[in-house]
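The values are calculated or read from the model by the stated rules, or taken from the named source; none is laboratory data. Remember, it's a predicted structure, so these values are computed and weren't measured experimentally. Please note: Cβ atoms are built from the backbone with ideal geometry, for glycine as well, and neighbour counts cover all protein chains shown. When the accessible area is computed, the model is the full protein with side chains, heavy atoms only, and any ligands, DNA or RNA have been set aside. Shrake-Rupley method; radii C 1.70, N 1.55, O 1.52, S 1.80 Å.
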Amino acid sequence: MKSIIKTSAALLLSSVLLTGCGTSTAIAVDGDKPMVPVDSFNTKQVREYTDAGTVEEPLTVFTSDDGLCEIKVMPSYYDVTLDYEKGSRAEAGAAYGSLIREKLPEFIATMEPYLFENIRMAYGGSFSADAVENRQQTLFASMRPEYQEEISAFAEAISGGVHGIKEDSVLSYEEAVLMHMIPDALRPTCCSALSLWGSKTVTGDRISLRNLEWNLGSGNQMGMINAVTHMKNGSRSLTAISVLGLLDIISGINDDGVFAAILDVGSVQKEAFVYEGKKCYTMELRYALEEYSSARELGGFMVSESGDFTWCHNIFTTDADDAFCAEDVVSQIADQGAGRSILRDCDTPIFDELSWDSPDSLCIVNSFTSKGNQDKFTGVAHNTVRFAKYNEWVKAVDKFSPKDVKDLITQETVDQYKVDNVHGNGSAQLILVDYHTGSVQVAFSGPEGVVDKPDFIEVCVIGK
C-alpha cells in the first residue's frame with residue numbers, strides 16, 4: 001500500500017496550498033524564507049451558536065382526504081407525516097403522491113430535471129431510455145413487497161398515469177420510481193460523519209454529526225425540496241431526513257433513537273456497476289431502521305446483506321450507547337479479495353499510516369478505514385485531507401457541547417476553489433443528534449446554496 005501520509009499537519013498544509021490561482025506572470029520566490037499563508041481558509045463570518053436549535057412554525061398545512069398524509073410547509077423544509085397505522089402502505093403512498101401532485105405541483109418541475117441530471121451523470125452524459133428503465137425495473141423488483149406496493153402507488157398517483165423515461169417536464173411513473181433509488185441505481189457524491197461521547201463531550205452523552213454532501217442540482221433544486229418525513233407505524237416508526245417525495249433512507253432515526261445514514265465509497269478496483277441479482281441498500285436500510293432497536297443490530301444486518309448491494313458504501317449508525325461504521329463491500333470486490341465487510345467501531349484497527357488521535361470518537365469519510373480493507377485514502381486527497389482535518393479539530397477541543405460541534409463543522413469558508421473542505425459547497429444537510437436532550441437539528445442548504453454559517457433547525461422525530 002502506498003503511503004497515506006502519516007502526519008495530519010502535512011495534509012492540512014497541502015490543503016491550504018491548493019489555492020487554484022491562475023496567473024501567467026512569473027513570481028520571484030526567496031527560497032531561504034519559509035512559505036507563510038497570507039490568509040486563513042476559515043470563514044470570517046461570526047455566528048454565536050447555542051446548544052439549542054431554531055424552532056420553525058408551519059406556513060401552511062395540507063392533508064389528504066383520508067388523513068394518511070399530512071404535509072406542513074415550513075420556512076426551510078417540508079414536514080411530512082405518513083400514517084401506516086390507519087392505512088396500508090399502498091394507501092399511504094397513493095395519498096402522498098396525490099397530495100404532492102394536487103397541492104405542490106412545483107415539486108414535479110423541480111424533481112424531473114434534477115433526476116435527469118443524475119441520470120446523465122451516471123451514464124457519462126449519454127443514455128438510452130431503455131437502459132435506464134431496465135435498471136429501474138430490475139432494482140425495483142428486488143425490493144421487499146411492502147415497499148414495492150408503497151412506491152408503486154406513490155408513482156402512479158404523482159405521475160397521473162404517464163409512463164416512460166423522457167425529459168419533458170412531466171414526472172412519469174418510471175421516473176417517480178427511479179427517484180427512490182438514486183444512490184442505488186445512479187450514485188450520490190460525498191459525505192462525512194462524526195460521533196463523540198464519554199470523555200469527549202461535556203455531558204458524557206453522545207453527540208452525532210452527519211454531513212450530507214450531495215448533488216444539489218444545477219439550480220440548487222435539492223435546496224428547494226428538503227424534507228423531514230415521519231413514517232408512523234407503531235414500534236416500526238421512524239423519521240427520514242432527505243427530500244420531499246422520497247421513501248428510501250439517506251439519513252434517518254427510528255423511535256428507539258437509532259440514527260443511520262449512507263456514505264458513498266468509491267472503489268480502487270473500479271468495479272463495474274452490477275444490478276442484476278442486486279438490491280437497493282437504501283431500502284434495506286429503511287427495513288433495518290424499522291426492525292432493529294440498536295445501532296449494533298442495524299449495522300450487523302447491513303454488513304450481513306452487503307454482498308447483494310449494488311455499490312460499496314459506508315453506513316454510519318449510532319444510538320445512545322454505541323457508534324459504528326458498517327463498511328459494506330459488494331460481492332464482486334470481496335470475491336477478488338480486495339475488501340471485506342466489517343462493522344467498525346472506535347477500537348477497530350485502522351490503516352497503519354492513518355492517524356486518529358482522540359478517544360471516545362469515531363470519524364467516517366468516503367473510504368473504508370479498517371486495517372486491511374479496500375483503501376480509498378491513498379491517492380485520494382479529498383478523503384485523506386478531510387479525515388486529517390477532523391482529527392486535528394477533534395483533538396483541539398477537550399470536551400464538546402452541541403454548540404461546539406456546530407462551530408467545528410461550520411468553521412470553513414464554503415466557496416473555495418480547489419480546496420478539500422469538510423463543509424463545502426456540496427453540503428446539502430448538516431444533521432446533529434444530541435442524545436443528552438434528544439434534540440435532532442438540521443442545517444438545510446436552501447435555494448441559495450450552501451452558506452458558511454447556516455441555521456440549525458430543531459426538527460421533530462417519531463418517538464420524541
Inset, instruction - List every residue pair whose Cβ atoms sit under 7 Å apart, with the two residues 6 or more apart in sequence or on different chains, where the first one lies in segment 271-292 and is more than 16 Å from Phe259 (Cα to Cα) and the second, anywhere, is of a type in the set (Phe, Trp, Tyr) and open to solvent by less than 40 Å² (accessible area, probe 1.4 Å). - result: Lys278/Phe309; Lys279/Phe309
Legend entry - Leading residue by the ranking (nearest to the chain's Cα centre (by Cα)) among those in segment 256-279 that are in a loop (DSSP other than H, G, I, E, B) and at pLDDT 95 or above: Val258
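Which residue is nearest to Met143 (Cα to Cα), if the candidates are limited to segment 310-328 and must be out of contact with any strand residue (DSSP E or B) (no Cβ under 6 Å at 6 or more places or on another chain) and at pLDDT 95 or above?
Quick first cut of segment 310-328, residues out of contact with any strand residue (DSSP E or B) (no Cβ under 6 Å at 6 or more places or on another chain) only: 310-312, 319-322.
Next cut, at pLDDT 95 or above only: 319-322.
Numbers: Asp319: 26, Ala320: 30, Asp321: 31, Asp322: 29 Å.
The residue in question is Asp319.
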Inset, instruction - Output the residue which, of all residues in segment 419-444 that are open to solvent by 10 Å² or more (accessible area, probe 1.4 Å) and under 13 Å from the mean Cα position of the chain (by Cα), is farthest from Asn383 (Cα to Cα). - result: Phe444
Inset, instruction - Please give the number of the condition Asp415 fails out of (1) among the acidic types (Asp, Glu); (2) under 21 Å from the mean Cα position of the chain (by Cα); (3) within 19 Å of Ala261 (Cβ to Cβ). - result: (3)
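State the number of residues belonging to segment 304-349 that are in a helix (DSSP H, G or I) and open to solvent by 30 Å² or more (accessible area, probe 1.4 Å). So that I can check it myself, show each step before the final result.
In the first step, residues of segment 304-349 are kept if they are in a helix (DSSP H, G or I); the result is 304-308, 331-334.
Filter once more, so that each one left must be open to solvent by 30 Å² or more (accessible area, probe 1.4 Å): 304-305, 308, 331-332, 334.
The total comes to 6.
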Legend entry - Odd one out for Ile457, checked against (1) open to solvent by 10 Å² or more (accessible area, probe 1.4 Å); (2) in contact with a Gly (Cβ under 7 Å, 6 or more places away or on another chain); (3) among the aliphatic types (A, V, I, L, M): (1)
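Quick check: anything in segment 387-399 over 20 Å from Ile241 (Cα atoms), outside any helix (DSSP H, G or I) and open to solvent by less than 40 Å² (accessible area, probe 1.4 Å)?
No.
Let's see how each residue does on (1) on the phi > 0 side of the Ramachandran plot; (2) surrounded by 14 or more Cβ atoms within 10 Å (Cβ to Cβ); (3) modelled with pLDDT of 95 or more; (4) outside any helix (DSSP H, G or I):
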| position | (1), (2), (3), (4) |
| --- | --- |
| Leu99 | no, yes, yes, no |
| Glu102 | no, no, yes, no |
| Phe107 | no, yes, yes, no |
| Ile119 | no, yes, no, no |
| Gly125 | yes, no, no, yes |
| Tyr147 | no, yes, yes, no |
| Ala153 | no, yes, yes, no |
| Ala157 | no, yes, yes, no |
Inset, instruction - Output the qualifying pairs, or none if there are none: Cβ atoms under 8 angstrom, residues six or more apart or on different chains, first residue in segment 448-459 and of a type in the set (Gly, Ala, Ser), second residue outside any loop (DSSP other than H, G, I, E, B). - result: Gly449/Gly223
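If you go through segment 426-434 one residue at a time, do you hit one that is assigned to a loop (DSSP other than H, G, I, E, B) and either over 13 Å from Leu212 (Cα atoms) or at pLDDT 95 or above (or both)?
Just the residues of segment 426-434 that are assigned to a loop (DSSP other than H, G, I, E, B), to begin with: 426.
From what is left, the residues that are either over 13 Å from Leu212 (Cα atoms) or at pLDDT 95 or above (or both) are none.
Scanning segment 426-434 turns up no residue that is assigned to a loop (DSSP other than H, G, I, E, B) and either over 13 Å from Leu212 (Cα atoms) or at pLDDT 95 or above (or both).
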Inset, instruction - Could you grab me the full set of residues in segment 76-97 that are in a strand (DSSP E or B), within 18 Å of Ser237 (Cα to Cα) and open to solvent by 20 Å² or more (accessible area, probe 1.4 Å)? - result: Thr81
Legend entry - Close pairs (8 angstrom Cβ cut-off, 6 or more residues apart or separate chains): polar (S, T, N, Q) and at pLDDT 95 or above in segment 58-81, open to solvent by less than 60 Å² (accessible area, probe 1.4 Å) and not in a strand (DSSP E or B) anywhere: Thr63/Leu99; Ser64/Ala95; Ser64/Tyr96; Ser64/Ser98; Ser64/Leu99; Ser76/Glu56; Ser76/Asp455
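Conditions (1) assigned to a strand (DSSP E or B); (2) open to solvent by 10 Å² or more (accessible area, probe 1.4 Å); (3) more than 24 Å from Ala295 (Cα to Cα); (4) in contact (Cβ under 8 Å) with a residue 24 or more places away in the chain, marked per residue:
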residue: Met179; (1), (2), (3), (4): no, no, yes, yes
residue: Ala185; (1), (2), (3), (4): no, no, yes, yes
residue: Ala193; (1), (2), (3), (4): yes, no, no, yes
residue: Ser199; (1), (2), (3), (4): no, yes, no, yes
residue: Leu209; (1), (2), (3), (4): yes, no, no, yes
residue: Ala227; (1), (2), (3), (4): yes, no, no, yes
residue: His230; (1), (2), (3), (4): yes, yes, no, yes
residue: Ser235; (1), (2), (3), (4): no, yes, no, no
